[in-house]
1. What are the residues in the range 101-139 that are more than 12 Å from ligand 1 (Cβ to nearest atom) and either among the hydrophobic types (A, V, I, L, M, F, W, C) or buried (at least 22 other Cβ atoms within 10 Å of the Cβ) (or both), if any?
2. Taking the conditions exactly as written (closer than 15 Å to Val19 by Cβ, away from ligand 2 (no atom under 12 Å from the Cβ), in contact with a Leu (Cβ under 9 Å, 6 or more places away or on another chain) and among the hydrophobic types (A, V, I, L, M, F, W, C)), does Leu144 satisfy them or not?
3. Among the candidates Ala47, Ala59, Ala31, which residue alone is surrounded by 14 or more Cβ atoms within 10 Å (Cβ to Cβ), at pLDDT 95 or above and more than 24 Å from Arg120 (Cα to Cα)?
4. Name the residue that is farthest from Gly42 (Cα to Cα), counting only residues in the range 96-130 that are among the polar types (S, T, N, Q) and outside any helix (DSSP H, G or I).
5. Report the residue count in the range 32-66 for those that are more than 13 Å from Val19 (Cβ to Cβ) and either away from ligand 1 (no atom under 13 Å from the Cβ) or aliphatic (A, V, I, L, M) (or both).
6. Going residue by residue through the range 50-63, is there one that turns out to be over 15 Å from Asp135 (Cα atoms), within 16 Å of ligand 2 (Cβ to nearest atom), within 12 Å of the chain's Cα centre (by Cα) and not acidic (Asp, Glu)?
7. So Leu74 passes all but one of these: (1) closer than 17 Å to Gly25 by Cβ; (2) away from ligand 2 (no atom under 12 Å from the Cβ); (3) free of Cβ contacts under 8 Å to residues at least 60 places away in the same chain; (4) not in a loop (DSSP other than H, G, I, E, B). Which condition number does it fail?
8. When only residues in the range 105-151 that are β-branched (Val, Ile, Thr) and in contact (Cβ under 8 Å) with a residue 24 or more places away in the chain count, which is farthest from Val88 (Cα to Cα)?
Amino acid sequence: MTTQTTPETTDPTVERTLVLVKPDGMRRGLAGEVLRRIEAKGYTLVAVELVHATPELLAQHYAEHVGKDFYQPLVDFMMSGPILAVAVEGQRVVEGFRSLAGATDGTLAAPGTIRGDLARSWGSKVMQNIVHGSDAPESGARELALWFPAL
Ligand code: UDP
Ligand code: MG
């Protein structure tokens, strides 16, 4: 007897990314809107958890930004309320979610994207831009291990 595998399970383009609904998105009640857009695009939610981030977790998550002028304000912002951490799976989902999220600066992000439709940036040092999305498959794997150690 041969074992049948579905095309999906053998498709090398299926990958995972970490999405965070940041504290500004949670305060504004936009978690459902973010999840709706992810699901409407055709991606699968693999795990969801409400997290209160610690300085240690954020130092690992934002390792590339430690020491920059916006780092401490970013940490303060990311600890200002709960975060919804979401593991998302799909074909080319890392770049696909970055496309859904839009540019980092919400003022400049294209309309139609999460940040372009829902976020603005203004004077303060830290950009409150609703969501985080991993920037490469390797970052996705690294970040998912931090936020979902049991996954
Ligand atoms: N950020 C900021 N000021 C900057 C650059 C980044 O406040 O000049 C914040 C912003 O919230 C951003 C996060 O730091 O989402 C991580 O920065 P990155 O350049 O990795 O942007 P992203 O990958 O989130 O688009
Ligand atoms: Mg980034």
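The values are calculated or read from the model by the stated rules, or taken from the named source; none is laboratory data. Quick caveat, the model's predicted, so the values are computed rather than measured. Here the Cβ is made from the backbone with ideal geometry for all residues, glycine too, and neighbour counts use every protein chain on show.
1. If the condition is that a residue be more than 12 Å from ligand 1 (Cβ to nearest atom) and either among the hydrophobic types (A, V, I, L, M, F, W, C) or buried (at least 22 other Cβ atoms within 10 Å of the Cβ) (or both), then Ala110, Leu118 are the ones that fit.
2. Against the criterion (closer than 15 Å to Val19 by Cβ, away from ligand 2 (no atom under 12 Å from the Cβ), in contact with a Leu (Cβ under 9 Å, 6 or more places away or on another chain) and among the hydrophobic types (A, V, I, L, M, F, W, C)), Leu144 qualifies.
3. Values: Ala59 fails: surrounded by 14 or more Cβ atoms within 10 Å (Cβ to Cβ); Ala31 fails: more than 24 Å from Arg120 (Cα to Cα).
The conditions single out Ala47.
4. Applying the filter and picking the extreme gives Ser124.
5. First pass over the range 32-66, keeping only residues more than 13 Å from Val19 (Cβ to Cβ): 32, 40, 42, 50, 52-60, 62-66.
Next cut, either away from ligand 1 (no atom under 13 Å from the Cβ) or aliphatic (A, V, I, L, M) (or both) only: 32, 40, 42, 50, 52-60, 63, 66.
So the count comes out to 15.
6. Looking for residues that are over 15 Å from Asp135 (Cα atoms), within 16 Å of ligand 2 (Cβ to nearest atom), within 12 Å of the chain's Cα centre (by Cα) and not acidic (Asp, Glu), one finds none in the range 50-63, hence no.
7. Among (1) closer than 17 Å to Gly25 by Cβ; (2) away from ligand 2 (no atom under 12 Å from the Cβ); (3) free of Cβ contacts under 8 Å to residues at least 60 places away in the same chain; (4) not in a loop (DSSP other than H, G, I, E, B), Leu74 violates only (2).
8. The extreme case among them is Val126.
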